[in-house]
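Heads up, the thing below is written out as structure tokens.
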Amino acid sequence: MESVVHTAVARPRVESASLPWYLVAMLAGAASILVGVLWDVSWHVSIGRDTFWSPPHAAAYLGGLLAGLSSGLLALKTTFRGSAAEREATVRFWGFHAPFGSWVAIWGSFAMLASAPFDNWWHNAYGLDVGALSPPHFLLLTGIFCILLGAMLVALSYQNRAAAGDMLRLGIAHLITAGLLLALLIPVHIVQPNRRHGGFFYQTFATYLPFLLVSFARSSRLRWAATITSAVYMLAVGAMVWTLPLFPAHPRLGPVNMQITHMASLPFPLLLVVPALAIDFFLQRREGKRAGWLDAALIGVAFFVLFFVIHWYFAIFQLSPGARNWFFAGDRFYSYLDHPGAHHFQFWWPKDDPMTAPIFGLAVVWSFLSARAGLWWGQWMSKVRR
């Protein structure tokens with residue numbers, strides 16, 4: 001493939017702030033995939049493993065088809081009916097022209113579709129999965145990641161070619177796809193408040209959340225980009241938290257250790273808006289200038305300290321009776337396989353997974369290095385034009 005990075009050759013600019021039809025279709029597909037994935041998590045927790053044609057699977061695969069077909073149609077349109085200027089703003093692959101993000105999404109769609117018969121064969125050969133990351137599931141998750149990444153890259157290329165007055169909607173589209181991708185990359189089983197007084201929780205998110213949020217913000221043309229991305233993530237996951245328990249559900253596989261009458265919720269989303277504000281604050285101080293190691297240190301330390309403080313104390317509230325309601329869903333995300341008891345509202349593994357000063361310091365270092373990598377990657381993404 002040809003390079004996707006801006007060169008000295010002038011690229012055609014986007015002439016309208018309206019979103020292209022295929023970008024709208026990719027956004028809709030990405031949203032449908034995320035709904036399907038999060039719904040499937042709740043389905044397994046509430047009902048158990050089901051047939052391939054369960055509603056969550058249908059939503060996820062519908063999103064994959066929508067993203068793949070819209071990207072494929074765009075490649076055909078640009079190749080056979082596109083103008084020279086339109087083809088100039090694309091990547092040529094096997095004689096066809098399409099934005100780089102569209103090729104990524106097309107590959108992701110093929111990977112998703114290929115994972116379906118592979119997964120069916122796997123179950124027939126080996127029975128139910130012992131873990132979540134069987135080879136078919138890994139292929140599926142890789143395809144899903146590529147589709148959401150492709151949608152973000154398409155929005156990013158349009159934003160980077162837009163005139164100054166035409167980038168608001170395109171910039172918002174970029175941050176929406178970034179927020180959906182962020183929601184996909186935050187594991188539900190680690191977000192549980194019971195783990196938030198242990199070192200594993202903080203070290204895990206310190207290694208990659210600053211990278212993601214800093215790169216999204218650095219590549220955006222909008223102010224407060226990290227905050228907007230975090231808000232999209234929180235709203236997307238929050239909508240599932242508040243919606244899923246509205247529907248009845250009953251376990252279909254044993255053993256049933258805890259009675260469930262409605263779809264299980266997801267854990268309340270991470271409060272990323274607060275530490276994201278620190279990212280935007282420091283990046284705006286360097287607006288128009290190249291950020292370096294000192295900026296990464298300031299961002300990494302500020303992000304982690306805020307992330308640690310707010311989640312340490314918010315977890316105490318989440319395990320209290322005050323969070324056992326429809327909004328915070330403090331008692332609604334446990335599986336029918338779990339044994340009921342006081343441990344649902346206690347912090348887990350205080351001796352095996354302690355939060356000590358050395359662990360805190362190591363997490364700060366990880367956050368700093370993650371922020372530095374995010375600055376570098378975001379700078380590259382800000383140059384994507386095709």
| Amide proton proximity set for residue 91, modelled H, under 5 Å, gap of 5+ | 98, 100
| field | 3J(HN,Hα) from dihedral phi, the range 197-208, Karplus parametrisation 6.51/-1.76/1.60, rounded to Hz, x for glycine, proline | value | 10, x, x, 4, 4, 6, 5, 4, 6, 5, 6, 9
| What FRET efficiency would be calculated for the residue pair residue 376, residue 235, taking the C-beta separation as r and a Förster radius of 25 Å, to the nearest 0.05? | 0.30
| Cα pair distances in the range 191-386, grouped into 5 Å bins until the bin that holds the longest one, percent each | 1, 8, 14, 17, 16, 13, 12, 8, 6, 3, 1, 0
| query | Using a basic spin-label model with each label point 7 Å from the Cα along Cα→Cβ, how many nm lie between residue 309 and residue 284? | reply | 1.9
| task | Note down the net charge around residue 265, summing +1 for each Lys or Arg and -1 for each Asp or Glu among other residues with Cβ under 13 Å from its Cβ. | result | +1
| message | Per-residue counts of other Cβ atoms within 10 Å, averaged by peptide: what ranking do you get for 216-227, 171-182, 337-348, 368-379, highest first? | response | 171-182, 216-227, 368-379, 337-348
| task | Please list, in chain and number order, the residues 5+ apart from residue 162 or on another chain whose amide H is under 5 Å from its amide H, with Hs placed from the backbone. | result | 14
| Rounded to whole Hz, the Karplus (6.51, -1.76, 1.60) HN-Hα couplings of the range 308-324, x for glycine and proline | 5, 4, 5, 7, 4, 7, 5, 5, 4, 5, 4, 8, 8, x, x, 9, 8
| task | Per DSSP H run of at least 4 residues, take -39500 (n - 2.57); add these up for the chain, divide by its residues and hand me the 222 nm value, nearest 500 deg cm²/dmol. | result | -21000 deg cm²/dmol
| Segments 61-68, 82-89, 294-301 sorted - mean Cβ within 10 Å per residue, highest first | 61-68, 294-301, 82-89
| field | Spread of Cα-to-Cα distances over 10 Å intervals beginning at zero, given as percent, for the range 257-341 | value | 15, 32, 22, 17, 11, 3
| note | the range 16-185, convex hull of Cα, quarter of hull surface, nm² -> 10.3
| query | Hey, what do the phi angles of the range 23-38 turn into as Karplus ³J(HN,Hα) couplings, whole Hz, using 6.51/-1.76/1.60 and θ = phi - 60°, x for Gly and Pro? | reply | 5, 4, 5, 5, 4, 5, x, 4, 5, 5, 4, 4, 4, x, 5, 5
| request: Based solely on C-alpha atoms, express the radius of gyration and the Dmax of the range 39-78 in angstrom. | output: 14.4, 45
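Each reported figure results from applying straightforward, stated rules to the coordinates on display, with no laboratory input. Being a predicted model, the structure only gives us computed values, none of them experimental. Cβ atoms come from the backbone with ideal geometry, glycine included; neighbour counts cover every protein chain shown.
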